[in-house]
Amino acid sequence: MAVYTLPELPYDYAALEPVINPQIVELHHDKHHAAYVKGANDTLEQLAEARDKEQWGSINGLEKNLAFHLSGHILHSIYWHNMTGDGGGEPLAADGVGDLADAITESFGSFTGFKTQLTKASATTQGSGWGVLAYEPLSGRLIVEQVYDHQGNVGQGSTPILVFDAWEHAFYLQYKNQKVDFIDAMWAVVNWQDVARRYAAAKERGDSLLLAS
């Protein structure tokens, strides 16, 4: 059976300074992300045991745990690559990300409108959650989603291409309880090249969603 593994960071712990300090990156990746990987693998084993023994009393909790840990693993895997110490600014055609820039303008009216919406969605998540820019295949447009914990408030066929982690473990050691300050600072490390690659890949496979006619 395939198991999930913790991906290596694409940079060293200090690469995102001063936006995110090395201690946060190390704890966030090596402890928190690793816990979601372990949780997903442990839950798969527990589900296999339930099948073998035909004991289904805990099925609801196990399915919820699998979704929680697996979504946490996926979102964090995107998160690390969505950031770079050389990032930030606005996606521009001159930088080779013109298709993404055009899609943002078409979907949100302007880059400023998009930036404001994703900032507000990320900063106002109740409790733990994420702000997400996703490709929605039915309309072919980009949408902003709020993810509570690691799930919820998402279109079932949408593909996340840019994620802002708004869990306290992502910022509290540096920003204390000022979540909005952390989200504002995040824009300085967005890796638009990575976001553009994810957008292109999502568009290419977007028509794989089968709908009843």
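Read-outs: derived from the displayed coordinates by stated rules, not from any lab. Nothing here was measured: the structure is a model prediction, and the numbers come from that model. Every residue, glycine as well, gets a Cβ built from its backbone with ideal geometry; the counts of neighbours run over all protein chains shown.
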(request) Based on the mean of other Cβ atoms within 10 Å per residue, sort peptides 4-14, 161-171, 62-72 so the most packed one is first. (result) 161-171, 62-72, 4-14
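From the convex hull of the Cα coordinates of the range 79-187, what is the mean projected area in square nanometres?
Working: hull surface 27.7 nm².
Reported value for the Cα convex hull: 6.9 nm².
Average projected area of the Cα convex hull of the range 15-59, in nm²? Walk me through the numbers on the way to the answer.
Details: hull surface 15.6 nm².
One quarter of the hull surface, i.e. the mean projection, equals 3.9 nm².
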(request) Using only Cα positions of the range 30-142, each an equal point scatterer, no hydration layer, compute I(q)/I(0) via Debye at q = 0.11, 0.14, 0.15, 0.19 Å⁻¹ and quote the log10 values to two decimals. (result) -0.56, -0.78, -0.85, -1.08
(request) Rounding to the nearest 20 debye, state how big the charge dipole of the chain is about its Cα centre with +1 on each Lys and Arg Cβ and -1 on each Asp and Glu Cβ. (result) 400 debye
(request) Calculate the translational D of the range 119-179 in whole µm² s⁻¹ from Stokes-Einstein, where the hydrodynamic radius comes from the Kirkwood formula applied to all Cα pairs, the temperature is 20 °C and the viscosity 1.002 mPa s. (result) 180 µm²/s
(request) List, in order, the whole-Hz ³J(HN,Hα) value for each residue of the range 173-185 obtained from phi through the Karplus relation with A = 6.51, B = -1.76, C = 1.60 and θ = phi - 60°; use x for Gly and Pro. (result) 4, 10, 9, 6, 9, 8, 4, 5, 5, 5, 4, 4, 5
(message) Taking 2.2 N^0.38 Å as the expected size of a compact globular protein, what ratio does the Cα radius of gyration of the range 1-88 give against it, to two decimals?
(response) 1.35
(message) From the convex hull of the Cα coordinates of the chain, what is the mean projected area in square nanometres?
(response) 13.5 nm²
(request) Hey, could you get me the Stokes-Einstein D for the range 56-107, Kirkwood radius over alpha-carbon pairs, 37 °C and 0.692 mPa s, rounded to whole µm² s⁻¹? (result) 231 µm²/s
(request) Return the FRET efficiency for the residue pair Arg205, Asp149: r is the Cβ-Cβ distance, R0 is 35 Å, and the value is rounded to the nearest 0.05. (result) 0.85
